[in-house]
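The values are calculated or read from the model by the stated rules, or taken from the named source; none is laboratory data. Everything numeric in this text was worked out from a predicted model, so none of it was measured. Cβ placement follows ideal geometry from the backbone for every residue including glycine, while neighbour counts extend to all protein chains displayed.
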Amino acid sequence: MATMADLDELALAMPQATKEVSDDGRPAYFVHGKLFCCHRGRRKDAVDPQTGERLDDVLMFRVADLDVKELVLGDDRGVFFTTPHFRGYPAVLIRIPDLARLDRDELRESVVEAWLTRAQKRVARAWLAEHAPEDG
């Protein structure tokens, strides 16, 4: 079961990752000055389907491209979603309470994927070389 504490730890473990916190406490994670994940503020395009209220518990993760986005959105659990604001943009959304539906490894995959989309190529290559799965 993943948590916001896990997100913070995993995001900041990535090379050159930094964190900025908005005045109302929402974290945003950057690599080399480029946003790769954040806790979004309330937006008119993300509303609770039952109440119609604007959601204030939405995280955004960058993804590699629109094909990856469609793959992630196709997960049968329906954990990730998008809104009209993100049409044509390589990112997916997840509500903070739904982090509990992911395990820590799944959250780590989302963080790494997001970080890789924004990291400098040489930094990303070095990280990937260091963390390549061992041949069995």
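The rows are residues; the columns are (1) part of a strand (DSSP E or B); (2) among the hydrophobic types (A, V, I, L, M, F, W, C); (3) touching a residue at least 12 places away in the same chain (Cβ under 8 Å).
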site: PRO15; (1), (2), (3): no, no, yes
site: LYS19; (1), (2), (3): yes, no, no
site: ALA28; (1), (2), (3): yes, yes, no
site: ASP45; (1), (2), (3): no, no, yes
site: THR51; (1), (2), (3): no, no, no
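Count of the range 19-33 residues, restricted to those that are surrounded by 13 or more Cβ atoms within 10 Å (Cβ to Cβ) and at pLDDT 95 or above, is 6. Any idea which residue in the range 99-135 is farthest from THR3 (Cα to Cα), counting only those that are in contact (Cβ under 8 Å) with a residue 24 or more places away in the chain and part of a loop (DSSP other than H, G, I, E, B)? Only one residue fits best here, namely GLN120. Evaluated against (1) basic (Lys, Arg); (2) farther than 24 Å from GLU130 by Cα; (3) within 15 Å of the chain's Cα centre (by Cα), ARG54 falls short on exactly one condition, (3).
Restricted to the range 79-136, and to residues that are among the hydrophobic types (A, V, I, L, M, F, W, C) and touching an Asp or Glu at 6+ places or on another chain (Cβ under 6 Å), which residue is surrounded by the most Cβ atoms within 10 Å (Cβ to Cβ)?
LEU107
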